[in-house]
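As structure tokens, the structure follows; a few thoughts come after it.
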Amino acid sequence: RREQVTMRHGRAKSSRRTLQFYRLNAPHIVKSPYKILLDGTFLAASIRNKVPLHDRFSKTLQHAEFTFYVTRSTLVELGNLAEEAEKVNKSGVRGKRNHATNLGEDVEAILRMARQFGLDECEIIESDDIPHDASTEGNGESSKKKKNKAFKDFSDASIDIFRLSTVGGKNNFSYFVATQDDALSDALRSMPYVPLFRLGRAVLLLESPSAASRRFTSGVEQDKLASAGG
């Protein structure tokens, strides 16, 4: 029990440090109400592990106000996966590997409940409200090739989330992203100032600022010093 308390205190301290980093270096992100963008993998995992999301996010964000967001494409994806799981249940034949394969039993029910949470508890971002081509740090040909390569294995929902949370090259729309998708997480870690949440079983974790965020901050500070010295 003492170890559990120590771990909780450690996570709380780490979250405070992370929020302070963004407060100092990207104040446009850390403002109330916080904007939490949930993807389908995170919603499904939270249902499977019976995680009380409102309570967990409130504690991690030090009881600041926040709003959950979900893209229309995420709701469509969850609906399609639920229908696919239903067909598998009826046929007794396993379908191709996808986000649903790691959800254990009752996959269809979990996916439908995850979608319902999105409908009931989240602000829905319609496809027309998503930038078609988010402006990132680089506008050259190599940047475009890198972006297209990153999108190759992404679902429509993951592409929408990436675009929303990388507008202006530094998350100008101020989203925290909650996902269990490793490919999406890796892509977002390569961009500055995109805070990431994930679940470790039933534990909500706020990741430390990425190397890209720290590099970007260092570059801004160096530019300020150069300007002051010039």
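The table below gives the values:
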read-out: Arg189 accessible area, 1.4 Å probe, all protein chains in place, Å² to nearest 10; value: 80
read-out: With all protein chains modelled, accessible area of Lys87 [1.4 Å, Å²]; value: 140
read-out: Sorted peptide list for 174-185, 49-60, criterion being average Cβ within 10 angstrom, highest first; value: 174-185, 49-60
read-out: In sequence order, calculated HN-Hα J values of segment 161-167 (Karplus, 6.51, -1.76, 1.60; Hz; x Gly/Pro); value: 5, 4, 5, 4, 9, 10, 4
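The values are calculated or read from the model by the stated rules, or taken from the named source; none is laboratory data. All values derive from a computational prediction rather than experimental measurement. Note that we place each Cβ from the backbone using ideal geometry, even for glycine, and neighbour counts take in every protein chain shown. In case anyone asks, the SASA skips ligands and DNA or RNA and just uses the protein heavy atoms, side chains included. Shrake-Rupley method; radii C 1.70, N 1.55, O 1.52, S 1.80 Å.
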